[in-house]
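Below you'll find the structure, written out as structure tokens, and then a few comments.
The values are calculated or read from the model by the stated rules, or taken from the named source; none is laboratory data. As the structure is a computational prediction, the values presented were derived from the model and not from experiment. No Cβ is skipped: glycine too gets one built from the backbone with ideal geometry, and neighbour counts run over all protein chains shown. Surface areas here come from the heavy atoms of the whole protein model, side chains and all, with no ligands, DNA or RNA. Shrake-Rupley method; radii C 1.70, N 1.55, O 1.52, S 1.80 Å.
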Amino acid sequence: MAVKYGKFELPTKIKVDESSRRLHHVRFIAEPFERGFGHTIGNALRRVMLSSLEAPAIVSVRIEGVQHEYMAIDGIVEDMTHIVLNLKGALLRKLALEEEHATREFRVVSKVLDITPQQIEKAGGQYFVTLKDLLSESDYDLVNPDLLIFTATKPFIKRIDLKIGVGRGYVPSERHQILDKVVDEIIIDSAYSPVRMVNYFVENTRVGQDTDYDRLILEVTTDGRITPEEALTFATQIGILHFEVFDEIKLHSISFERDQVELSTDRDALMAKLALKISEIELSVRSTNCLAGADIDTIAELVIMPESEMLKFRNFGKKSLNEIKAKLEEMGLYLGMDLAKFGITRENVKQVIIDYLTEKAGKEG
């Protein structure tokens, strides 16, 4: 049995302030929150975005004929220390998609760099080797492809190996755990975090006659390896993951009062929606199969289910949950609906729908 709590004011939609949008910078506005929740949510999201988001970065470099990072290289203006510093500024984008069987292992990208006399001559004696010269043929998108890596003054052919990993935060070179390290491989510091700045502000906003509710404004700036929208999406899911840890000690479930979604007062109009089969609402195959595996056949059985329980179903993830919530919203429904006033509970929902369909068929017959 659930404990009944009063209604919390919650935003129905996150707004994007298009007037403030710049390259890799977005301002998000969410309102209204109950007093104090603007700071609670804003600070939590800020900390997660700054500390826990992942992106690719170069973790080591190996240049043919270079034994250590303090060497000067014949035909190259910069010494190896300077080259390492330049590589630390490389910004690579590639989302580790589950469908691609992404692993956490380092990936090696090799390039045989052939600097010809014609290139040197055409460049006026100094040929600028940029990031795209080393990684243009890799699987990574280059945020700053024109980043200078080094300047060549003589023709040469050298093999350059870059080892790339995905991680969080800032990892000094001595903390990288590279099991297959070779003798002349130079380990470098890696700045994985793709978020450069997060600011949040809380202002008063109005709900009815009350003006003491919170408006949360989040300003997110990334370096281009992820978008601000992706940063907020990932941070939200990471936060939910950690809150769910404490769900194990739940002694009671809570049901919250909430404004009823504007449904037709005609019971038949509502029942017609609730009686629809899951197969009739155009969900993805993955979501449909997950619901079938949970023995959920109709919309009524779906909407009466709390969101927290949906995530416990086998193979059911956030992507499927968001898809279902969006589809229900289009229908004017939501998860966790209280259908008691229509005589529908979790215990009798299947029978009520069967009875409704039988009655409907009798009237039409």
From D214, D180, D184, D210, residue being in contact with a Gly (Cβ under 6 Å, 6 or more places away or on another chain), farther than 22 Å from L50 by Cα and not aliphatic (A, V, I, L, M) | D214
Would you mind telling me which numbered condition in (1) within 30 Å of K163 (Cα to Cα); (2) under 20 Å from the mean Cα position of the chain (by Cα) R286 fails?
-> (1)
Quick one: which residue in L91, L97, L45, L50 is in contact with a Lys or Arg (Cβ under 7 Å, 6 or more places away or on another chain), within 30 Å of Q237 (Cβ to Cβ) and aliphatic (A, V, I, L, M)?
-> L91
From the list V202, V198, which one is in contact (Cβ under 8 Å) with a residue 24 or more places away in the chain and touching a His at 6+ places or on another chain (Cβ under 8 Å)?
-> V202
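From the set of residues in the stretch 145-182 that are assigned to a loop (DSSP other than H, G, I, E, B) and without any contact (Cβ under 8 Å) to a residue 60 or more places away in the chain, which is surrounded by the fewest Cβ atoms within 10 Å (Cβ to Cβ)?
Looking at the filtered set, the residue picked out is L179.
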Could you check E229 against (1) charged (D, E, K, R); (2) surrounded by 17 or more Cβ atoms within 10 Å (Cβ to Cβ); (3) assigned to a helix (DSSP H, G or I) and say which number it fails?
-> (2)
Being over 21 Å from L10 (Cα atoms) and loosely packed, with under 13 Cβ neighbours inside 10 Å, is that true of even one residue in the stretch 271-278?
-> yes
Kindly indicate whether E105 is surrounded by fewer than 17 Cβ atoms within 10 Å (Cβ to Cβ) and of a type outside the set (S, T, Y).
-> yes
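Quick one: which of L311, L328, L302 is under 22 Å from I240 (Cα atoms) and under 20 Å from the mean Cα position of the chain (by Cα)? Steps first, answer last, please.
On the way: L328 fails: under 20 Å from the mean Cα position of the chain (by Cα); L302 fails: under 20 Å from the mean Cα position of the chain (by Cα).
Testing whether each residue is under 22 Å from I240 (Cα atoms) and under 20 Å from the mean Cα position of the chain (by Cα) leaves just L311.
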How about the stretch 347-365: which of its residues are at pLDDT 85 or above and of a type outside the set (A, V, I, L, M)?
-> E347, N348, K350, Q351, D355, Y356, T358
From the list T345, T358, pick out the single residue that is of a type in the set (V, I, T), open to solvent by 70 Å² or more (accessible area, probe 1.4 Å), more than 30 Å from the chain's Cα centre (by Cα) and on the phi < 0 side of the Ramachandran plot.
-> T358
Odd one out for E203 among (1) of a type outside the set (V, I, T); (2) assigned to a strand (DSSP E or B); (3) open to solvent by less than 30 Å² (accessible area, probe 1.4 Å) | (3)
Residue in the stretch 57-80 that is without any contact (Cβ under 8 Å) to a residue 24 or more places away in the chain, open to solvent by 50 Å² or more (accessible area, probe 1.4 Å) and closer than 25 Å to I178 by Cβ present = yes
